[in-house]
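Quick notes on the structure that follows.
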Amino acid sequence: MGRALLDEENQPRALDKSVFVSEPLLPELNELMPMLQQIWERKYVTNHGPLHQRLEAELQTYLGVDTAMLFTNGTIGLITALKFFDLPPGSEVITSPMTFAATAHAISWNGLKPVFADVLPGTLTLDPDAVAQAITENTSAILGVHVYGTLCDVEAFAALGASHDVRVIYDAAHAFGSTKKGVPIGRYGDASIFSFHATKLFNTLEGGLIATPNAQDRERIYYLRNFGIKSEEEVIDVGINGKMNEVQAAVGLLNLRAVAGEKAKRRQLRKRYCDFLAGLDGVQTQAEQPGVENSEQYFPLVIDETHYGRTRDDIYDALKARNVFARKYFHPICTDFEPYRHLPIVSTRAMPYVTEVKSRVLCLPFHSGVSEDAVSVIADVFHGRR
Ligand code: T4K
């Protein structure tokens, strides 16, 4: 038997077309084109245009909040939200290291000090006991992250915020449309910031939004978003340029109508994944949270080599060899990055749980573009089949 044939036989079954962790939900071009034509005819392309106004109003209703302010991306939304609360310069904001770098950067960009606290086994969200331990007289806010769409313990943080007189803010980049006991997630805490990046369930190509449960927040956030301009001759605040343009808004208006369908497909995919992962010792799927509507943003796993026999990296590499590009979100964690490397992680344990779990996390491709064939290739990898 020729060597070439042997090699071919030894090759794993790979997909012809690569599949990525995320794939943007995009409107049909025939629906988008007439909207673009209108924008071109109006020649009003940004600065709170009519499509921007419509999208903002629709999202305020969809998210069930009293203030909903669109932003050009989630990071500028986070930076602006922290600015909005006028936290004392140099004060401490407690957050999770298990997040995208933007969460910590937004704190630093405001001249505030990020303080990292441990996460909970099971949910991988910020541990309220570790946060309580991290609170000092210099703490001005808690910035929880609904990581992967798994919700923080919002009741515990409300209690901590009230008893220590600190703000409670949520990075809700992954929690679009989530509810807890029927209450929209943007109604918890002082503010929640969503991301509408292309990789998010609901996207405007790039985009973001600050939501708050208070209607009176709208006016100042409006000024902060637009250089602090009140009139042609008045600038009343130290604002930034955080405006979303009309093309982003047009994509958002169309995508908002498609979100329910995309979510339904992701729920089916979640079930397919859970079915073949069930019974695999050492492979933990996302925590089920009773009374919570999951945002269907990510499908995270925690892979424990001691029980499963293979590492997270073994699986990542095996998937990659088959053209399946899973991601190790969020490893490295923030404290592995140069700007935050010197900072400790406050924990109730001798060794922070996040430093153990970081090398076990993996997000599988999670969107309607994941074919049945891809699911079967991924199942083969987890079950050690060629
Ligand atoms: N807070 C949290 C907790 C966040 O996760 C994020 C963003 C933010 C705050 C900040 O929000 P934004 O300022 O971004 O609105 C991606 C996204 O760029 C980022 O938005 C997201 N979190 C983060 C978790 O993921 P990368 O560096 O992983 O992106 P990239 O380019 O590697 O894309 C991932 C995969 O998605 C690619 O393998 C292919 C696919 N993809 C990507 C893009 C850009 C597409 O199919 N089409 C595309 O256009 O950060």
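Taking label points 7 Å from Cα along the Cα-to-Cβ direction, Val235 and His307 give a separation of 5.7 nm.
Each residue of region 177-185 was assigned a 3J(HN,Hα) from its phi angle through the Karplus curve 6.51 cos²θ - 1.76 cosθ + 1.60 (θ = phi - 60°); the sequence is x, 6, 9, 10, 6, x, 8, x, 4 Hz, with glycine and proline shown as x. Projecting the Cα atoms of Ala175, Asn110, Ala264 onto the charge dipole of the chain, computed from C-beta unit charges around the Cα centre, puts Ala264 farthest toward the positive end. Proximity of backbone amide H atoms, modeled 1.01 Å from N, is registered between Leu112 and Gly90 at under 5 Å, excluding neighbours fewer than 5 places apart on the same chain. The portion of the accessible surface of region 1-130 made up by carbon and sulfur, rounded to a whole percent, is 56 (1.4 Å probe; DNA, RNA and ligands excluded).
For region 195-288, the per residue solvent-accessible surface stands at 46 Å², with DNA, RNA and ligands left out and a 1.4 Å probe.
Considering only Gln53, Gln216, Ala278, and ranking their Cα positions along the charge dipole of the chain that arises from unit charges at the beta-carbon of Lys, Arg, Asp and Glu, the one farthest toward the positive end is Ala278. Full extension of the chain segment joining Glu338 with Ala158 gains 61.6 nm, where the gain is 0.36 nm per residue of separation less the Cα-Cα distance. Applying 1/(1 + (r/R0)^6) with R0 = 45 Å to the Cβ-Cβ distance of Glu31 and Glu137, what FRET efficiency is obtained, to the nearest 0.05? Working from the Cβ atoms, E equals 0.25. Find, among the trypsin sites (Lys or Arg not before Pro) in region 25-124, those assigned to loop by DSSP (not H, G, I, E, B) with at most 16 other beta-carbon atoms within 10 angstrom. When the trypsin sites (Lys or Arg not before Pro) of region 25-124 are filtered for loop state and at most 16 Cβ neighbours within 10 Å, Lys43 remain. Here region 259-382 exposes an accessible surface that is 50 percent carbon and sulfur, computed with a 1.4 Å probe and the other protein chains kept in place. Per residue, the accessible area of region 28-102 comes to 46 Å² when a 1.4 Å probe rolls over the protein heavy atoms. Amide H contacts under 5 Å for Val119: Asp127, Tyr353, Val354, restricted to partners 5 or more places along the chain or on a different chain, H placed in the peptide plane at 1.01 Å from N. If R0 is 30 Å, the Cβ-Cβ spacing of Val183 and Ala101 corresponds to a FRET efficiency of close to 0.50.
Across the chain, C-alpha contacts under 8 Å between residues 6 or more apart give a mean separation that, scaled by the residue count, equals a relative contact order of 24 percent.
Annotation for region 283-365: GluC sites (Glu not before Pro) lying in DSSP loop with at most 10 further Cβ atoms inside 10 Å of their Cβ are Glu288. Where both bridge residues fall in the chain, DSSP classifies roughly 55% of the beta bridges as antiparallel. Averaged per residue, region 309-386 has 44 square angstrom of accessible surface, using a 1.4 angstrom probe with ligands and nucleic acids left out. Applying the Karplus relation 6.51 cos²θ - 1.76 cosθ + 1.60 with θ = phi - 60° to region 292-301 yields 3J(HN,Hα) values of 10, 8, 5, 6, 6, 8, 9, 10, x, 10 Hz, where x marks Gly and Pro.
The values are calculated or read from the model by the stated rules, or taken from the named source; none is laboratory data. Predicted model only: the values in this text are computed from it and were never measured. Methodologically, a virtual Cβ is constructed for each residue, glycine included, from the backbone with ideal geometry; neighbour enumeration extends over all protein chains shown. These accessible areas exclude ligands, DNA and RNA; they are computed on the full protein's heavy atoms, side chains included. Shrake-Rupley method; radii C 1.70, N 1.55, O 1.52, S 1.80 Å.
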